[in-house]
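Peer 1: I am attaching a structure below and will ask some questions about it afterwards.
The values are calculated or read from the model by the stated rules, or taken from the named source; none is laboratory data. Not measured: the values here are computed from a predicted model. Virtual Cβ from ideal backbone geometry, glycine too; neighbours counted across all protein chains shown. Each accessible area value is taken on the protein alone, full model and side chains, heavy atoms only, with ligands, DNA and RNA left out. Shrake-Rupley method; radii C 1.70, N 1.55, O 1.52, S 1.80 Å.
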Amino acid sequence: MTIVLLLISIAVLLLLRVPVAYAFLGPGMVYLIATGQSVGLAMRLIAEDTASFPLLAVPLFVLLGSLAAHAGIAERLFDFALALMGRVRGGLGYVSIGVSLGFSWMSGSAVADAAALGKVQVPEMVRRGYSRPFSLGVVGSSALIAPVMPPSIPAVIFAGLGAVSTGALFAASVVPAFLMAAGLTIVVFILVRRQPDIQNVGFSWARVAETGKKVVAPLFAPVIILGGILGGFFTPTEAAGVGALYILILGLCYRTMKVRDLPRIFVETVMTTSAIMLIVASAALLGYVFARERVPQDLATLMLGISEDPTVFLLLVALLMLVLGTVVDAVAILVLTVPMLMPIAVDLGVDPIALGVLMIISLMIGLLTPPVGTVLFVLSSTLKVPVGEVFRGCLPFLVPLVAICLLVIFVPDVVLWLPGLLDL
Amino acid sequence: GGSGGEAEGGDGNVELTFAHSYTQDQPPHRCGAQVIKEEAEGADVGLTVEIYDSSQLGGDADRIASVASGDIDIDLQGASALSALHTPIGMVDAAYVFEDGQHLTDFFRSEASDDLVGAFEEASQVNVLGAWSIGARHFTANSPIRTPEDLDGLRMRFPGSPQFLQNAEALGAAATEVAYEELYLALQQGTVDGQENPLTNIDSQNMAEVQDYLSLSGHSLNSNLIVVGPVWDELDAEQQEALQAAIATAEDRMVECVAEAEEELLNEYRSGDRIEIVDDVDVEAFQERTDAWYRENLEGEQLAAFEAIRGSAE
Amino acid sequence: MDQQSAPTDREGAPPTPGGTLHRIIKAVTAVELGLAALALLIIFVLILVQAGQRYLPVDGWAWTGELARFSLVWMTFTAAGVLVSRDGHIALQVVDTLKSERAVRAVHVFADLAMAVIAVLFARECWTLIADAGALRSPSMRMPMAWLYVLPLLGFVSTAIRSLVAGWLVLCHGVGAEHDTDSLAVPVNREVQP
Ligand code: NA
Ligand code: NA
């Protein structure tokens, strides 16, 4: 009964536009007061959960993405991809996916990716005769590659919560991220056939070489980050810092970034991180309330009651993530559900790494669906188009994303192959 | 209300909230917390115990404040973590101070611990009702560690708390900081060369997969102090007695249980080829070194605690 | 699912830039963001130091990890107030699509009030933790744990005041006004960095 009341009050607050963090903090606090806990417990709980070592990677990866955006790396990737795909029909659609794929190695969040790439690409595509919903759809959906491809902020959070190796989770995400790009490419291939008006740009090897030179150094960043982790030079959290330092130096060398831009970049990073971390913290308070009320045990009984088959369990998890992901922020869902789902997964013999990748992909799909589709909002506001139009554009691209979720469920080797190969 | 606001009816029924960090199949839960619950409830003096395992109510060190504020009634805490409240109590986790797990439990039952525990309780407002070892800490690395000299040139990961870092220095190890969450990967990739932990942690983190040698140094008896918050003063005499007796029973069970679990694990390691067990660690050489180091470098209450513990050894 | 795209279209009369309120908010914002950015810089530097010292012939400092973790707390809660003025908190925006401007305005005022109340409750928590701090010190730095809550206290007080200001502005000038109290934009909800 208590939990039902709690959930209802959270839903009401969310509907009434109270920020997610406060919609969690308020009812959580009321519960602690009502059950006679001491004053200060709530604050201690949220501060202690924020002060976690693995979470230090969050601000650092946000900083890395912000630095990469300011250093003009997205533009360099765009020029290079354009030079490669100039003569291909619907080339800009593939360019968009390619740029997202390249940038995903430096960005850990879809929102940062959509913000950095949308503004350049969508106007360019519309100018060349691509339909606006299509342009928005391809940019919005390919932005989801960033949080799946390492470095990934949701992966960092999952690894911290589930006590699994961040490096293994990173490695496990590489293949699904490439599959996402491949799936989106197929949708582009199908859709551009129905767009007669699009113009192509020319192709020349000289242009490929010239633009290619400019992306060599930026694309060395993932080598430093992943290579640094897998080669044993630093831990994932340290790799985030070293990656940010590398891009910072690169931006200063390119003169696309000046030292006096740094305060602004830092403030941007602080704001984004704070918004994420407040939700992590508030969800942790709610997690405490759930633990007190034995919700994890009840959920386990419920899920195991439906079936004890690992595949059915993963299907249920994906479904739960897709549904929750449409209304609640992805990070909040991870913080709340990972501690509950992990013991069940271990019980059923589900690999925690496969669970993590599945949860991240299925949650990221929620970024493209109303009412809380953060990527939709970012594109809508950057480009001054209605959210509904962005969503319509994204719809066909949801098909391959859902298909990849199913692939991960039924063929977990897709995920486990690379970590196995690397002996992680 | 001290007991986390749990109902304390007119009939004298008290519900105690018991939190700890271990999973349900680790000895501190099976033989420690569960036994305390069964014994205390079975005494039929109006006590019920609700256990929250696996850090559900917050991380290890984070829960100390909750015990002091009465949001958690009973908790299992390592002495090194409790040294955040009162430094000298950390000496319980110092290197080679106790002979074995039984000695640790006996020390807390005897008068020899009165000064240390009294000073701790005064500083922390938290009561210590007993103690057990969850198993001795051993070294793992990619080379055997038999003597203090074998530690030369190895980057060894120690937990980042002052007591453990002090132990590292006393043992002659170069301590490196890596968060526990990142330890497996750091060992695997060679970011650090080795680490030290009780067998139960070495097993739960699958460290045998990424380390070649387990050197049975047994240099520190990773302790659990059974701490009880302000609810202790709200219990009547009969309830206090029942709880204390329940803890004593659990302490005895833990000594056997830890020994059994360690034996089982070592047999498993010996029969497999994942990790090689080094039996012939020169414990005396380490002991001499740490004893000399502590006597030379400790002072005040820390030295007093050290001497009280050493003095209680037969 | 036809959501209004950019609620900035719905202009109200914002407080005059250069007015006293505007200037105060700007100054306070600068302090809050300065502290939060400093915390980020500390995290950045300490993590690099921790990575670097493994390869240098120096002993590791045990406190680097701890200070970095505490800095994350300081950064998160210090910036919380500014997030209110910039509508940077992640929120569900279904209500912005309501046809009635009065209804949208009422909901915004309610949300601001709710945030203010919750922020006051948490400011009280911080205050208690600072005032009644026990003997607890951090394991490595031996920092009194009361210090951890000083900046969060400021953040929650700021959140409470800023929510009330935002609510008041919406009440008087409409929804467009509340987010123009500050000039910089954030890439959360709907505002995006240039
Ligand atoms: Na990424
Ligand atoms: Na959504």
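Peer 1: At a threshold of 8 angstrom on Cα-Cα distance, excluding pairs fewer than six apart, so keeping six or more, what relative contact order does chain A reach in percent?
Peer 2: Answer for chain A is 25 percent.
Peer 1: How much net charge surrounds A:ARG294 when only the other residues with a Cβ under 13 Å from the Cβ of A:ARG294 are counted, with Lys and Arg +1 and Asp and Glu -1?
Peer 2: -3
Peer 1: Take the solvent-accessible surface of the protein heavy atoms, probe 1.4 Å, and return the percent of it on the stretch A:332-393 that carbon and sulfur atoms account for.
Peer 2: That fraction is 63 percent.
Peer 1: Roughly how many whole Å is it from the C-alpha centroid of the stretch A:1-18 to that of the stretch A:38-70?
Peer 2: Between the Cα centres of the stretch A:1-18 and the stretch A:38-70 lies a distance of 25 Å.
Peer 1: From the C-alpha gyration tensor of the stretch C:18-178, pull out the three semi-axes of the equivalent ellipsoid (sqrt of 5λ each), sorted largest to smallest, in whole Å.
Peer 2: So the equivalent ellipsoid measures 38, 18, 14 Å along its semi-axes.
Peer 1: On each of the three principal axes of the Cα atoms of the stretch A:140-235, give max minus min coordinate, whole Å, ordered largest first.
Peer 2: Cα spread of the stretch A:140-235 along its principal axes, largest to smallest: 52, 31, 17 Å.
Peer 1: Still on this structure: Relative to the longest principal axis of chain B, what angle (0 to 90°, nearest 10) does the C-alpha long axis of helix B:114-124 take?
Peer 2: That helix lies at roughly 70 degrees to the long axis.
Peer 1: In this model, which of A:LYS384/C:LYS99; A:LYS213/A:LYS258; A:LYS214/C:LYS26 are farther than 30 Å apart at the alpha-carbon?
Peer 2: Over 30 Å apart, Cα to Cα: A:LYS214/C:LYS26.
Peer 1: Same structure again: Using only the alpha-carbon atoms, how far is helix B:237-271 inclined from the longest principal axis of chain B? Give it as 0 to 90 degrees, nearest 10.
Peer 2: Compared with the principal axis, the helix lies near 20 degrees.
Peer 1: Report the one residue of C:LEU151, C:ALA37, C:ALA119 whose Cα lies farthest in the direction of the positive end of the charge dipole of the stretch C:18-178 (charges on C-beta: Lys and Arg +1, Asp and Glu -1; origin at the Cα centre).
Peer 2: C:ALA37
Peer 1: Assign one of three labels to the stretch B:136-290, namely rounded, prolate or oblate, based on the Cα gyration tensor with a ≥ b ≥ c the square roots of its eigenvalues; rounded applies when a/c is under 1.5, prolate when it is not and a/b is larger than b/c, and oblate otherwise.
Peer 2: It is prolate, given that a/c is not under 1.5 and a/b is the larger ratio.
Peer 1: How big is chain B along each principal axis, measuring the range of its Cα positions in Å and listing the largest first?
Peer 2: 64, 42, 32
Peer 1: Note the per residue figure in Å³ for the convex hull of the C-alpha positions in the stretch B:147-235.
Peer 2: Looking at the stretch B:147-235, the number lands at 127 Å³ per residue.
Peer 1: Once C and A are treated as a pair rather than alone, how much accessible area drops out, both sides summed, in Å² to 100, probe 1.4 Å? Working shown, then result.
Peer 2: Numbers: alone 11980 and 18190 Å², together 23550 Å².
Buried area between the two chains comes out at roughly 6600 Å².
Peer 1: Per DSSP H run of n ≥ 4, the term is -39500 (n - 2.57); total these for the protein assembly as shown, divide by its residue number, and report the mean residue ellipticity at 222 nm rounded to 500 deg cm²/dmol.
Peer 2: Estimated from H runs of four or more residues: -20000 deg cm²/dmol.
Peer 1: So what's the gap between the Cα centers of the stretch B:137-185 and the stretch C:24-80, to the nearest angstrom?
Peer 2: 27 Å
Peer 1: Please give the helix B:162-171 orientation as an angle from the longest Cα principal axis of chain B, in degrees from 0 to 90, rounded to the nearest 10.
Peer 2: 30 degrees
Peer 1: Continuing with the same structure: State which helices in chain A qualify, where a helix is a whole DSSP H run, it must extend 30 Å or more along its own axis by its Cα atoms, and its mean Kyte-Doolittle hydropathy must be at least 1.6.
Peer 2: Qualifying helices, which must be both long enough and hydrophobic enough, are A:166-192, A:387-410.
Peer 1: Could you work out the Rg to Rh ratio of the stretch A:2-421, with Rh taken as the Kirkwood radius (inverse of the mean 1/r over all Cα pairs)?
Peer 2: 0.97
Peer 1: Taking only C-alpha pairs under 8 Å that are 6+ residues apart, what is the relative contact order of the stretch B:78-228 in percent?
Peer 2: Over the stretch B:78-228, the number comes to 37 percent.
Peer 1: Something else now. Suppose the Debye formula is applied to equal point scatterers at every Cα of the stretch A:208-282; what is log10 I(q)/I(0) at q = 0.23 Å⁻¹?
Peer 2: Per q value, in the given order, log10 I(q)/I(0) is -1.08.
Peer 1: Could you work out the pair-distance distribution P(r) of the stretch A:265-347 from its alpha-carbon pairs, with 10 angstrom bin width and percents rounded to whole numbers?
Peer 2: In whole percents, the pair-distance histogram is 16, 42, 28, 11, 3.
Peer 1: Continuing with the same structure: Which three lengths, in whole Å and largest first, does the protein assembly as shown cover when its Cα atoms are put on their principal axes?
Peer 2: Ordered largest first, the protein assembly as shown gives principal extents of 92, 62, 55 Å.
Peer 1: Just the number, please: Stokes-Einstein D of the stretch B:195-242 in µm²/s, Kirkwood Rh from C-alpha pairs, 37 °C, 0.692 mPa s.
Peer 2: 229 µm²/s
Peer 1: Please compute the per residue accessible area over chain B with all protein chains in place, 1.4 Å probe, rounded to a whole number of Å².
Peer 2: Per residue, chain B has an accessible area of 37 Å².
Peer 1: Students often forget the sequence filter, so: which aspartates and glutamates lie under 14 Å Cα-Cα from A:LYS119 once same-chain residues fewer than 8 apart are removed?
Peer 2: In chain and number order, the partners are A:GLU75, C:GLU191.
Peer 1: Can you check what the net charge comes to around B:ASP212, using other residues whose Cβ is under 11 Å from the Cβ of B:ASP212 (Lys, Arg +1; Asp, Glu -1)?
Peer 2: Taking every other residue near B:ASP212 into account, the sum is -3.
Peer 1: Pick out, from A:THR382, A:TYR22, B:VAL283, the residue whose Cα sits farthest towards the positive end of the charge dipole of the protein assembly as shown, with +1 on the Cβ of Lys and Arg and -1 on the Cβ of Asp and Glu.
Peer 2: Going by the charge dipole, the pick is A:THR382.
Peer 1: Could you give the distance between the Cα centres of the stretch A:240-288 and the stretch B:228-260, to the whole Å?
Peer 2: 49 Å
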